[in-house]
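Have a look at the structure below, then the notes.
The values are calculated or read from the model by the stated rules, or taken from the named source; none is laboratory data. These numbers come from a predicted model, not from an experiment. Backbone-built Cβ (ideal geometry, glycine too); neighbour counts: all protein chains shown.
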Amino acid sequence: MADAAKSSFPYWRAAAFGVGLTSLLTGVALMESGIDAGRILLTVGLPIAAVSLIALAVPRRPPPAPPLETAERRLSAVLARVGTHIGLEIEVDRISGRYKERQVEATIDPPDGPIRARALVVRPLDLGLTAQRGRPPGDARPAVRVGNEEFDTAYCVLCDEPERAPQIFTERMRELLMSVDAQLDDSGVRVIAPGCEAHGLHDALRFAVKLTYELDRASNRARCAEPLVEAREAWLAFAQEHKLASADTPLAIWGQMGRIAVSAISVRDSFQHFHFEVTASFATPLGRGLELKPASSAKQFDRSGDPIGHPAFDKVFVLKARDPQDAPRLLGPESRNALLALRDTGLQLRGNDTGLWAWVGLNRAEPHRVPQGLTRMAQIAERIMHNAERFPPNF
């Protein structure tokens, strides 16, 4: 402290005051001796002494203190350090990306935590699952007991069909959950950990990923949702015929049909309500700027794409490509008629350079709707790929 005070003392002001005072006194002495040069020293020394004396009397403003590190900056630095280390995208208040084959994200609550790390399962489940410490507000479903007293006391589990939940909470899953504060749902896992340090953030992300691995494994043992039982039989028969993989929870089939990668999966909308998402993906992206979407219901057709001269198709679809000539060449008359027929069966279709995608609601009276639609979508996608190879781009 003494050194700091000494270094801040205004020596230049004291020196100026000394020079001015000396000049003043010398001038007075010379004037009394009758030497005219004293008048000059008086004229110079008086203002120097006066100004320097005032400068000494006025307190010096301390230099501005270095800015303190804010909580936001500190937490951003922690997120950036971990994100850089494991290869995630870095934003001001979060990190996200692929880690250990899972989509993850993490945040830290200011000023000192907690850490919130989330990891997603490979395919979102269709259980209507919620599991956390303490009951979530606003959910009237009865709590499910999984048969382990310690776990049932610590965690509240909710599920559309209570008998499906115990198949998810294996001994290994319960052991992992009891060691941490976690929240499970159909899409993945969130781990909440105290603190705001880099090692804690990394550990939380790793633990969240570990839980998603176990959730994926455990879901393989869970039976199919009751509203999907009829669809399951049709899907399994279709999967066996075409050598596709399948799962019961969520109800799904996926694999290759020729050069086209196909998949169909059940998606829970609300309690006991589902729809299906169906995809047929090209072997490689076309790179043609292809876009297929429903026409606007407010207009005869969406003017963002020019009509291609097929009145029935132009009425319900917008089709365009980077080269306007590409649109009708990639989707010829046969493909357009097939898309119209699929739409009449209830499939809501879209497409782009990566493939075709459709949404269709559950109708228990038509269990074959998805397998039949997937077959037609794969055929259309194969035909589009063939046309793309047959007609090279003009740009």
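Here are a few things to note about the model shown:
- Subset of the range 324-348 that is free of Cβ contacts under 8 Å to residues at least 24 places away in the same chain and part of a loop (DSSP other than H, G, I, E, B) - its residue that is surrounded by the fewest Cβ atoms within 10 Å (Cβ to Cβ): Pro324
- Criterion violated by Arg135 - all others in (1) in a loop (DSSP other than H, G, I, E, B); (2) of a type outside the set (A, V, I, L, M); (3) surrounded by 15 or more Cβ atoms within 10 Å (Cβ to Cβ) satisfied: (3)
- Meets criteria (in a strand (DSSP E or B), without any contact (Cβ under 8 Å) to a residue 60 or more places away in the chain and not aliphatic (A, V, I, L, M)) for Gly97: yes
- Look at the range 227-249: where a residue is closer than 20 Å to Ser270 by Cβ and a partner is part of a helix (DSSP H, G or I) and among the β-branched types (Val, Ile, Thr), sitting 6+ places away or on another chain with Cβ atoms under 8 Å, you get Ala231/Val370.
- Given (1) farther than 17 Å from Phe238 by Cα; (2) surrounded by 15 or more Cβ atoms within 10 Å (Cβ to Cβ); (3) over 29 Å from the mean Cα position of the chain (by Cα), index of the condition Pro392 fails: (2)
- The single condition among (1) hydrophobic (A, V, I, L, M, F, W, C); (2) touching a Leu at 6+ places or on another chain (Cβ under 8 Å); (3) exposed (fewer than 14 other Cβ atoms within 10 Å of the Cβ) that Leu79 does not meet is (3).
- Scanning the range 110-121 for residues being modelled with pLDDT of 95 or more and outside any strand (DSSP E or B) gives a total of 2.
- For the criterion of being in contact (Cβ under 8 Å) with a residue 12 or more places away in the chain, under 30 Å from Phe391 (Cα atoms) and not in a strand (DSSP E or B), Pro285 passes.
- Restricting attention to the range 264-314 and to residues that are at pLDDT below 90 and charged (D, E, K, R), the residue that is farthest from Asp126 (Cα to Cα) turns out to be Asp306.
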